[in-house]
Amino acid sequence: MYELIHENSHYDNDIDKTKLFASLFSKKLTSKNKNITTQIMSNPIYQPRPGSDYINHPFSIHELNNAIQHIKANAKSSYDNIHPIWIKNLTPLYKQELLNCYNHAWATSTFPNNWKCSSLIPILKKNKPKHDPQSYRPIMITPVLGKLMEKMIYHRLLWFVEKNNLIPHTQTGFRKHHSSTDAFIVLTNAINESLSKNNVLTAAFLDFEGAYDNVDHQILLVKLTNLGLPPKLVSFIKSFIENRSFIVCVGSASSPKTSITKGLPQGAVLSCLLFSLFLWDMNLPHTNLQYADDLVLWATGNTFEITHSKLQNALFQFEKFSQKSILPTAPTKSKIIQFHHKRNHYDARLTLNGILIPEDNQINYIGLILDQKLNFHLHITNTIKKCYRKIRIIKRLLATP
């Protein structure tokens with residue numbers, strides 16, 4: 001790794017780099033909202049839902065084999081140096097012993113502390129200065145033994161929430177029979193319908209500040225209880241998200257363990273589903289779409305004034321949710337785009353938490369570039385450029401003797 005410079009100090013030793021990264025990343029993963037949380041969230045109310053009995057059963061060898069089958073044999077091991085390929089080659093006898101360990105943890109609603117510690121590897125962001133430690137993105141690798149138990153919990157939890165329709169139909173991320181394609185089709189259909197009527201569709205592509213890293217643990221547990229998740233499962237999730245830690249790895253050096261007191265663990269199997277459940281009470285207008293932590297709100301009308309007024313009201317509702325859930329938003333990273341065929345154009349000037357949301361004439365939404373006319377010219381041009389770059393690389397490889 002390159003030499004790092006922070007506050008006029010130089011770091012060229014790997015051990016010093018790990019300590020610097022641990023200090024910087026811990027600031028983002030430490031909660032200061034403990035006293036605020038209890039004032040905002042009321043006492044949870046638990047009402048049992050269908051399927052609770054199945055959730056509470058011990059795990060079967062079939063569930064374990066299914067989880068083992070879906071781990072990648074060549075995945076990188078965490079700090080414990082237990083490699084996934086070892087788990088995939090376990091004999092039936094050792095699989096049964098491992099299953100007994102998992103069922104003991106499940107019976108006691110305890111996620112072992114050794115599985116809560118992740119290896120954190122700093123990766124340089126694209127087009128960022130290499131000597132600035134803020135230019136690095138933390139990539140966490142969780143222990144494979146914990147990941148296996150997560151997978152078994154995940155399949156049961158997903159079955160439970162789908163059976164009870166706990167995730168709004170507007171959420172298309174990380175669900176069975178749903179994908180980013182669904183979100184794209186719903187949005188483009190709404191835009192095409194508006195354009196065909198010569199209306200205006202104003203859309204706000206919203207961004208959470210930190211998203212998963214800023215989920216408050218206590219608020220999440222209250223929401224899960226209000227959703228009707230079995231107490232045993234909620235207790236296990238409490239054990240899973242609390243008292244976590246990470247070790248920064250740079251080269252052969254590693255930092256001491258650093259505590260994490262907020263957020264959902266990065267790289268964990270359960271995190272995406274838990275984040276979707278964290279958003280269940282957003283209660284936004286039906287003209288919205290969610291794909292994981294990507295949120296789009298829109299409004300249509302025959303004039304710019306009508307759509308701006310409708311969308312601003314929806315943004316006020318979104319503000320209330322984010323404040324109640326202590327989930328900060330990023331207005332300056334969000335975008336407004338207006339789809340229309342009208343001759344004149346009026347700036348939206350919409351705000352989020354009192355800050356003006358920047359307006360643009362194009363947006364990259366889940367990998368596709370949308371423009372104001374929805375003709376995909378920008379996306380097609382960009383795709384052609386990417387293809388030519390790859391073709392040139394292939395030609396060079398073919399020309400190599």
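The values are calculated or read from the model by the stated rules, or taken from the named source; none is laboratory data. Note that the structure is a prediction, hence the values are computed from the model and not measured. Because the Cβ atoms are built from the backbone with ideal geometry, glycine has one as well, and the counts that use them run over all protein chains shown. Please note that ligands, DNA and RNA were not included when accessible areas were found on the heavy atoms of the full protein model with its side chains. Shrake-Rupley method; radii C 1.70, N 1.55, O 1.52, S 1.80 Å.
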How big is the C-alpha Rg of segment 137-192 next to the rule-of-thumb value 2.2 N^0.38 Å, as a ratio?
1.53
Any chance you could give the angle, 0 to 90 degrees and rounded to 10, that helix 304-324 forms with the longest Cα principal axis of the chain?
20
What percentage of the solvent-accessible surface of segment 105-170, computed with a 1.4 Å probe over protein heavy atoms, is contributed by carbon and sulfur atoms?
52
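Per-residue counts of other Cβ atoms within 10 Å, averaged by peptide: what ranking do you get for 341-351, 232-242, 246-256, highest first? Don't skip to the answer; put the middle values down first.
Values: 341-351: 13.1, 232-242: 19.3, 246-256: 17.7.
So the peptides 341-351, 232-242, 246-256, ranked by packing, come out 232-242, 246-256, 341-351.
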Estimated distance in nm for a label pair at ASN56 and ASN344, the labels positioned 7 Å out from Cα along Cα-to-Cβ:
6.6
With springs only between Cα atoms under 10 Å apart, run a GNM on the chain and tell me which of PRO358, PRO84, PRO129 wobbles the most.
PRO129
Just how much of TYR291 is accessible, in Å², when a 1.4 Å probe is used and the result is rounded to the nearest 10?
50
Find how many whole Å separate the alpha carbon centroid of segment 240-308 from the alpha carbon centroid of segment 149-168.
17
What the Cα atoms of segment 308-401 span along the principal axes, largest first and in whole Å, is 63, 40, 15
Protection proxy (average C-beta count within 10 Å per residue), highest first, orders 135-143, 215-223, 55-63 as 215-223, 135-143, 55-63
How far apart, in nanometres, would the label points at CYS387 and LYS232 be if each is projected 7 angstrom from Cα along the Cα-to-Cβ direction?
5.5
Under 17 Å from a label point 7 Å along Cα→Cβ of ALA75: give me every residue in segment 237-281 with its amide N that close.
265-274
With each label point set 7 Å from Cα along the Cα-Cβ vector, what nm distance links SER309 and TYR94?
7.0
For helix 14-28, what angle does its Cα long axis make with the longest principal axis of the chain, in degrees from 0 to 90 and rounded to 10?
60
Set LYS17/LYS257; LYS126/LYS335; LYS262/LYS333; LYS72/LYS163; LYS17/LYS333; LYS128/LYS373 screened for pairs whose C-alpha atoms are more than 25 Å apart:
LYS72/LYS163; LYS17/LYS333; LYS128/LYS373
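Express in nm, to one decimal, how much length is gained between ASN243 and HIS178 on full extension, taking 0.36 nm for each residue of separation and deducting their alpha carbon distance.
Working: separation 65, 0.36 × 65 = 23.40 nm, distance 3.29 nm.
Taking 0.36 nm per residue and subtracting the Cα distance, the gain is 20.1 nm.
Restricting the count to DSSP beta bridges whose residues both fall in the chain, what percent are antiparallel, rounded to a multiple of 5? Walk me through the numbers on the way to the answer.
Details: 37 of 43 bridges.
Among the beta bridges of the chain, antiparallel pairing accounts for roughly 85 percent.
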Equivalent ellipsoid, the chain (semi-axes from 5 times Cα gyration tensor eigenvalues, Å):
37, 29, 23
Considering only protein heavy atoms, what per residue accessible area in square angstrom results for segment 169-263 with a 1.4 angstrom probe?
38
Rounded to 0.05, the calculated FRET efficiency for the beta carbons of ASN302 and GLU359 at R₀ = 30 Å is 0.90
